[in-house]
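The values are calculated or read from the model by the stated rules, or taken from the named source; none is laboratory data. Model, not experiment: these values are computed from the prediction. Reconstructed Cβ throughout: ideal geometry from the backbone, glycine too, with neighbour counts over all protein chains shown. With ligands, DNA and RNA removed, areas are computed over all heavy atoms of the protein, side chains included. Shrake-Rupley method; radii C 1.70, N 1.55, O 1.52, S 1.80 Å.
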Amino acid sequence: MAARVRARKRSQSGAALLIAIFALMLISVVAITLILSSGTESALASNYRSSVRVNYAALAGLEEGRGRLSPKNPNYFGAFIAPPGSTLALGQVRYILNASPGETVDPLDSATPSSYPDLEYQKEFGVPPDSGSVLTTNSVSPVAGTLGPLYKWVRINAVTERSLGIDVDSSGGTPNNTTPLFYDGQHLSLSSSTGRQAFGITSLAVLPDGSQKILQYVAAPISLNLTFSSAITLDGAGSVFNPTTNSSFQAEGRDQIKGGPYGVPCGSPQPDIAAVGVTDSADVTAVKTAIGARASRYKGTPGPPPSPPSVSDVSGGLNTSFQTPAALDALMQTVKLYADWAYPGPTTSGLPTSALGTSSNPQIVYVEGDLSLTGTVTGYGILAVTGQLTSTAHLTWRGIVLVVGKGVMTVGTTLDNEIDGALLLAKTRDSSGNLLGVLEPAMLDWSAGTGDGVFYNTCRINEAQNNLNVKVLSFRPLTQ
Amino acid sequence: MKRRRDGSRGFSLIEMMITVLLFTALMGAAFGLLQVTQERYQTESQVLDSFQDARLALDQMVRDITAAGFPPANHFSGTPPFTAYASSPFAWSPSYPATPCIVGACATPGDFDLIVETDSGSGVQWIRYQLQGTTLYRGVAAKADGVDPADATAPNLVPYIQNVMNNASAAQIAQFQGPYPAMFPGGNPVLLFHYDFEPGSSLNTPPNISSVNVTLIMMAAQPDVHTGLPRLVELNGRGNRINPSN
């Protein structure tokens, strides 16, 4: 009996094994099919994600390079790019390095692929960078404890016709590879006298899966390009100037008589301009009459002193941004766009200290409406007011003051008020705020004021309006 | 009958019948499931093929849009030859380049038609994407003076991807709305290109386009084998214009 039971058990275990093997085979086939299917889908989705990710990683590198070219950036390159007042020469290359933990990034080590060598520079310029003039700095993108965008390096360098592959001056022939390009506010140029240096910013991003992307900006610092024909400009026929009778007051059309010291060298003084400029010949007489006996305090063209007062019709040489209500409005919109501080008016509580800036960090302050200043105010940069500007303060402003909109400024204090740079008033809007077709009379009432005045100063003007931002002139992906 | 000494014996008839029955049932179930899986795999493979086609096309379109407008006019100190620079990142028709049309009233750019003006490496070229029926065409032509970009690119259009259902017929869209109720809002065609414009720009003209949103709806070559319903995939991308408009 026991033997029969054992024999039956053996035969039954054989059938169970057979069934189990088939069941396992079946399950395996289904599982493998599912794995293959989902694996394909995952790979496709992953490829797409990598493509987008590497593009944005390279863009992040470009933006770090562009951002740090601006003096307003807390991580501003400063002299790392070039000493103040000088340009970045050809062959002098700057790199931002952004190595991941445990890896080495060396763009100049072309023999080591794992160090992410920069093979593009040679393609662009035909020669390698001058290794003795190459400087590197680390990226500021990684925040403590996190990994920043996966770009490996960002190169900043001067650009030439050859590096861009563009015949900038349409001269024909071989593209120039010895003269850096400059930006005059409208166009690139081979002439350094026309504007600010244009930079090539190139970024390499590499993801752990091997995806690579190289993108390139051409970028340049931009300026408002404002030039003044007079220290005080009353823009619009029929404008009124009520000067103070105080003998200490001064309006200076001679450059850099007052307003220093300066943050950076700004060159020799520029030619004299008028102390007071109007845009209608009849207003010249009216302003001279108002100045009366204090004529010797208004110096500039026509000169030389003592053939004062220096009051001129400047309508012929007026900066294009000052010529029409529409142009002035566009200028104010630009100022608003780049403003460090923008306030809705009326602002009667003055301006915070941080908005007043310093000589090395001038600010752009835009007030949409009336502004009243009190106390002691010392500011640097551009002060733009669309409403009425009223000063009962001891005001010192080093830069540009634009009162454009209502076009009314009143100095209602016996405290000294001083503007080192230039002052412009224009009435571009009616009482309802609508843009005028033609400029209406502006009003400068300094009758209650005492000493100081307005002093033409190109250092302060340039300091205020240069380096508003670093503008992207072009963008392109580079083929690898 | 003599009993075998080792105690082993063959299966009884009943055991064999039960075993064969179980084996047959299991194998039937196994192969049935395998067939279902294979059919599902074929359907999904076709969907994935569509997805891959759409992804590649979308990727290329976004790249072209992002690189549009190079080199801009600001890269030349004077007025450059017309064919040496990109007059606008996005070309238009009619009245190119004299008078930009209003998007919506342009022949191109439109809901299913776009021409980008971009660097070719040896000059400036026009790249056109146009949806005709359910086929997306792509055409490239060198920029030429005095020539309408739409006319220049039209002869060079070649099929790029097929089964693009953005502008499907009303009957097809009605059919799609069963399995994909949210894909065609209101039962209307889905725009292939949707444009954003520069903030503050007074006119919605091609030079003022700041970004292009691309939506691709692709249909798999074969319907679902079980349900007989079409299989669709939708991909979205966005190309931001970075180069300045002249």
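Tabulated data for the structure shown
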{"item": "Of all residues in region B:13-23 being more than 12 Å from residue A:18 (Cα to Cα) and surrounded by 12 or more Cβ atoms within 10 Å (Cβ to Cβ), the one that is modelled with the highest pLDDT", "result": "B:18"}
{"item": "Considering residues of region B:107-145 that are farther than 23 Å from residue B:58 by Cα and touching a residue at least 12 places away in the same chain (Cβ under 8 Å) only, the residue most open to solvent (accessible area, probe 1.4 Å)", "result": "B:145"}
{"item": "Restricting region A:140-172 to residues that are part of a loop (DSSP other than H, G, I, E, B) and hydrophobic (A, V, I, L, M, F, W, C), the residue that is surrounded by the fewest Cβ atoms within 10 Å (Cβ to Cβ)", "result": "A:144"}
{"item": "Residue identified as surrounded by 12 or more Cβ atoms within 10 Å (Cβ to Cβ), within 24 Å of the chain's Cα centre (by Cα), among the hydroxyl-bearing types (Ser, Thr, Tyr) and within 30 Å of residue A:170 (Cα to Cα) among A:87, A:137", "result": "A:87"}
{"item": "Restricting region A:183-199 to residues that are in contact (Cβ under 8 Å) with a residue 40 or more places away in the chain and within 12 Å of chain B (Cβ to nearest Cβ), the residue that is nearest to residue A:96 (Cα to Cα)", "result": "A:198"}
{"item": "Residue satisfying condition, being open to solvent by less than 10 Å² (accessible area, probe 1.4 Å), without any contact (Cβ under 8 Å) to a residue 40 or more places away in the chain and over 20 Å from residue A:241 (Cβ atoms), within set A:366, A:343", "result": "A:366"}
{"item": "Those strands (runs of 3 or more DSSP E) lying entirely in region A:351-455 with at least 2 residues in contact with a helix residue (DSSP H, G or I) (Cβ under 7 Å, 6 or more places away or on another chain)", "result": "A:363-368, A:376-385, A:394-405, A:417-429, A:435-440"}
{"item": "Any hit, region B:24-44, residues being of a type in the set (A, V, I, L, M), under 30 Å from residue A:213 (Cβ atoms) and either more than 7 Å from chain A (Cβ to nearest Cβ) or open to solvent by 40 Å² or more (accessible area, probe 1.4 Å) (or both)", "result": "no"}
{"item": "Of residues in region B:146-163 being part of a helix (DSSP H, G or I) and out of contact with any Phe, Trp or Tyr (no Cβ under 7 Å at 6 or more places or on another chain), the one surrounded by the most Cβ atoms within 10 Å (Cβ to Cβ)", "result": "B:150"}
{"item": "Residue match in region B:110-119 (condition: at pLDDT below 95, closer than 20 Å to residue B:160 by Cα and not in a strand (DSSP E or B))", "result": "no"}
{"item": "Which listed residue is more than 7 Å from every other protein chain (Cβ to nearest Cβ), surrounded by 18 or more Cβ atoms within 10 Å (Cβ to Cβ), over 30 Å from residue B:159 (Cα atoms) and at pLDDT 85 or above, from B:86, B:73, B:68, B:91", "result": "B:73"}
{"item": "Selection status of residue A:281, out of contact with any Pro (no Cβ under 6 Å at 6 or more places or on another chain), surrounded by fewer than 19 Cβ atoms within 10 Å (Cβ to Cβ) and hydroxyl-bearing (Ser, Thr, Tyr)", "result": "yes"}
{"item": "Region B:187-216: number of residues that are within 21 Å of the chain's Cα centre (by Cα) and open to solvent by 50 Å² or more (accessible area, probe 1.4 Å)", "result": "4"}
{"item": "Leading residue by the ranking (surrounded by the most Cβ atoms within 10 Å (Cβ to Cβ)) among those in region A:294-310 that are under 17 Å from residue A:245 (Cα atoms) and at pLDDT 85 or above", "result": "A:310"}
{"item": "Checklist (1) closer than 30 Å to residue A:326 by Cβ; (2) of a type in the set (D, E, K, R); (3) modelled with pLDDT under 95 applied to residue A:235, failing item", "result": "(3)"}
{"item": "Scope region A:231-245; condition over 12 Å from residue A:276 (Cα atoms) and open to solvent by less than 10 Å² (accessible area, probe 1.4 Å); matching residues", "result": "A:236, A:244"}
{"item": "Any hit, region A:173-185, residues being within 30 Å of residue A:384 (Cβ to Cβ) and part of a strand (DSSP E or B)", "result": "yes"}
{"item": "Scan of region B:164-183 for residues that are part of a helix (DSSP H, G or I) and polar (S, T, N, Q), ordered by number", "result": "B:172, B:175"}
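Conditions tested, residue by residue: (1) open to solvent by 10 Å² or more (accessible area, probe 1.4 Å); (2) within 14 Å of chain B (Cβ to nearest Cβ).
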| site | (1), (2) |
| --- | --- |
| A:409 | no, no |
| A:416 | yes, no |
| A:451 | no, no |
| A:455 | no, no |
| A:458 | yes, no |
| A:476 | yes, yes |
